[in-house]
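The values are calculated or read from the model by the stated rules, or taken from the named source; none is laboratory data. Predicted model only: the values in this text are computed from it and were never measured. Virtual Cβ from ideal backbone geometry, glycine too; neighbours counted across all protein chains shown.
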Amino acid sequence: MNKTFETLSQLEKVDKVIADFQKELDALPQELKVVEDEYFEVKESYNNLKNELESLQAEKKEKDDLLEEKKEFVKNSESKLYLIKTYKEFNAAQKEIGNAKKEIKELEDEILDLIGKIEEKEKQFKEVEAKFNEISKKYEDLKKDVEKKEKEIKNKIEEENNVRNKFVRDLDKQILAVYNLIRSRRNGIAIVEINSNTCSACYMNLPPQLIIEIRKKNKIIQCPSCQRILIWNEDN
Ligand SMILES: [Zn+2]
């Protein structure tokens, strides 16, 4: 039975180590999340500005093409004016050329306006692009770091679980079941020492008869109040 108490204590030590590793593991996503949130926020601004810039550039391209077309039309029409035979046709052609020139002027103003807008948008985009590159690197680095840590901790947990399994094999199944049940219900602490005749977990005063029983180490004795397994520390 002495061996059982020893194994139980060792098992609990391993379980505490595993629980601590598990806590570390559970905290990792939160570590990543802060940077991840910032990353997605900047990425959204980056994409929005990129789309806005591209649409302004597309609009300018359309107007540039139209301007070329109009200029070509004016050039052609003017070069053919001398071929026109009647006043009526001549006036009509002049009117058409006049209208095209008016449209050209309007297009040039619109293009100038667009160039201003594009320049301003490009400035904003470059700023956000630099920020995006920076946060992307930070996010990728941290992600790799977290993945590495995750792998390391999982390996450690696996090692500890191998040790745990050895203790589990040595224990009586019923005692193990009691241990597991208390651990799950009592905040991960199933085994407690007696300190000045009290349970050191819940501080209940233990009756002298119970102390005697515990000292004998003949069987598992649970605290009447918190149900944890009580063990006698020989140094007491
Ligand atoms: Zn207790």
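Which residue is surrounded by the fewest Cβ atoms within 10 Å (Cβ to Cβ), if the candidates are limited to the range 223-236 and must be more than 8 Å from the ligand (Cβ to nearest atom) and at pLDDT 90 or above? Among residues in the range 223-236 that are more than 8 Å from the ligand (Cβ to nearest atom) and at pLDDT 90 or above, the one surrounded by the fewest Cβ atoms within 10 Å (Cβ to Cβ) is Ile231. Condition first: within 13 Å of the ligand (Cβ to nearest atom) and either basic (Lys, Arg) or in a strand (DSSP E or B) (or both). Now tell me which residues in the range 163-214 satisfy that. Arg185, Arg186, Ile191, Val192, Glu193, Ile194, Asn195, Thr198, Cys199, Asn205, listed by residue number. Within the range 162-187, restricting attention to residues that are surrounded by 14 or more Cβ atoms within 10 Å (Cβ to Cβ) and closer than 20 Å to Lys23 by Cα, the residue that is modelled with the lowest pLDDT is Arg186.
Do the conditions hold for Glu158, that is, is it within 16 Å of the ligand (Cβ to nearest atom), part of a helix (DSSP H, G or I) and over 14 Å from Thr7 (Cα atoms)? So Glu158 fails the test. Taking first residues from the range 61-82 that are closer than 16 Å to Lys102 by Cβ and in contact (Cβ under 8 Å) with a residue 24 or more places away in the chain and partners that are surrounded by fewer than 15 Cβ atoms within 10 Å (Cβ to Cβ) and of a type outside the set (Lys, Arg), the Cβ contacts under 7 Å between residues at least 6 apart in sequence or on separate chains come to Leu67/Glu108.
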